[in-house]
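Here's the structure we're looking at; comments come further down.
The values are calculated or read from the model by the stated rules, or taken from the named source; none is laboratory data. Note that the structure is predicted; figures quoted are calculated from it, not measured. Note: ideal-geometry Cβ built from the backbone for every residue, glycine included; neighbour counts use all protein chains shown. To get the accessible areas, we keep the full protein, side chains included, count just its heavy atoms, and leave off ligands, DNA and RNA. Shrake-Rupley method; radii C 1.70, N 1.55, O 1.52, S 1.80 Å.
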Amino acid sequence: MVRRGDIQASGAVVLRGSGDEREVLVVHRPAYDDWSLPKGKTAPDEYLAVTAVREVREETGYSIRLVRQLSEPQYPVGGRSKRVRWWLAELADKKPGKHDQEADLVEWWPVQRAVTQLSYPDDVAVLTEACRAPMTRPLIIVRHAKAMNRKQWNGPDRDRRLTERGRRQAKALVGLLDAFGVGLVASSSSNRCMRTLAPYAQFAGLEIESVAALSEEVAEESPRGVVKAMAKLVAAAQQSDRPMAICGHRPVLPTMFDFLGVAPRSVLRPGELVLCYPGERGKMGQPTHIAPTL
């Protein structure tokens with residue numbers, strides 16, 4: 001848990017190649033005369049995942065896609081505590097652009113060299129963790145953003161709209177879903193779910209697959225329909241080289257998670273998402289929660 005006054009930062013272990021040819025992206029910072037993994041401080045209301053992507057692009061010029069969350073080491077800095085959220089990442093584009101002046105050298109090192117020559121033990125530890133983690137795409141489950149109260153809505157519930165806060169949450173999801181390179185989007189056919197994913201779909205040039213079976217009304221009558229819909233969506237996600245995001249409702253999410261074999265640690269808040277990863281024997285592994293920043 002981040003305490004008031006803590007310094008919060010985020011970075012990525014960017015890997016390419018495989019086996020003995022595996023390399024990691026490193027930077028030399030002249031201000032510190034060190035070799036390290038790219039990272040930086042988070043901006044106000046910025047998702048840590050977005051921070052990592054932004055900082056890698058600013059420091060190295062490379063665009064990346066996050067794969068999974070890694071550890072969050074903590075250490076003292078000037079009387080305060082600094083926490084760095086690390087992510088395993090891959091290249092979204094092999095050609096780098098321009099980068100800022102924080103790093104004067106950007107290089108790809110063989111992993112074995114990095115283990116012995118990176119300046120900080122924490123970087124070595126997270127690199128070792130990243131190399132042991134599977135490079136599997138997440139299936140992303142999203143609870144729709146904050147919607148109008150049912151008692152304040154006179155029309156059909158399926159048409160209930162997002163609040164102003166909900167619209168801000170939906171816009172904030174653009175950067176977050178882009179950080180993972182989401183390439184497929186599906187949603188309950190209800191307005192509040194569709195509008196949650198609409199800003200990202202427009203940004204990424206994607207069409208949202210509207211699934212009536214995931215709406216509250218249809219799911220209440222036919223829970224089996226939720227299972228069939230999820231089976232179809234998961235099959236499509238497995239055929240894609242990009243992650244899929246699926247938006248649903250609080251009462252329907254338990255059935256969706258049951259199908260995946262996932263047990264979230266709590267009821268999702270509006271705008272919260274869960275990263276689900278294939279585990280052993282086709283079952284999903286431990287999920288990762290990302291809470292809304294707004």
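For this structure, a couple of remarks:
Residues checked against (1) β-branched (Val, Ile, Thr); (2) within 13 Å of the chain's Cα centre (by Cα):
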site	(1), (2)
Arg22	no, no
Leu25	no, no
Asp33	no, no
Pro38	no, no
Pro44	no, no
Thr60	yes, no
Ile64	yes, yes
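- Taken over region 137-190, residues that are open to solvent by 10 Å² or more (accessible area, probe 1.4 Å) and more than 25 Å from Glu46 (Cα to Cα) amount to 13.
- Counted residues, region 126-146 - those being out of contact with any Pro (no Cβ under 9 Å at 6 or more places or on another chain) and assigned to a loop (DSSP other than H, G, I, E, B): 2
- Filtering region 149-164 to residues that are in contact with a Ser or Thr (Cβ under 9 Å, 6 or more places away or on another chain), at pLDDT below 95 and not charged (D, E, K, R) leaves only Asn149.
- Odd one out for Ser222, checked against (1) in contact with a helix residue (DSSP H, G or I) (Cβ under 9 Å, 6 or more places away or on another chain); (2) in contact (Cβ under 8 Å) with a residue 12 or more places away in the chain: (2)
- Residue among Ser63, Ser71 that alone is under 24 Å from Met244 (Cβ atoms) and without any contact (Cβ under 8 Å) to a residue 60 or more places away in the chain: Ser63
- Residues being open to solvent by less than 50 Å² (accessible area, probe 1.4 Å) and farther than 19 Å from Pro278 by Cα - total across region 217-236: 4
- Selection within region 1-51 - more than 16 Å from Asp122 (Cα to Cα), of a type in the set (Gly, Ala, Ser) and touching a residue at least 40 places away in the same chain (Cβ under 8 Å): Gly5, Ala31, Ala49
- Number of positions in region 107-148 that are among the hydroxyl-bearing types (Ser, Thr, Tyr) and without any contact (Cβ under 8 Å) to a residue 24 or more places away in the chain: 2
- Inside region 147-183, residues that are assigned to a helix (DSSP H, G or I) and not charged (D, E, K, R) make up a count of 11.
- Residue list for region 40-65, filter: touching a strand residue (DSSP E or B) at 6+ places or on another chain (Cβ under 8 Å) and acidic (Asp, Glu): Glu55, Glu58, Glu59
- In region 241-267, the residue that is farthest from Leu206 (Cα to Cα) out of those that are at pLDDT 95 or above and in a loop (DSSP other than H, G, I, E, B) is Pro251.
- Residue count for region 191-216, restricted to those that are of a type in the set (Lys, Arg) and open to solvent by less than 20 Å² (accessible area, probe 1.4 Å): 1
- Among the strands (runs of 3 or more DSSP E) confined to region 8-103, the ones with at least 3 residues that are at pLDDT 95 or above and open to solvent by less than 20 Å² (accessible area, probe 1.4 Å) are located at 23-29, 64-69, 80-91.
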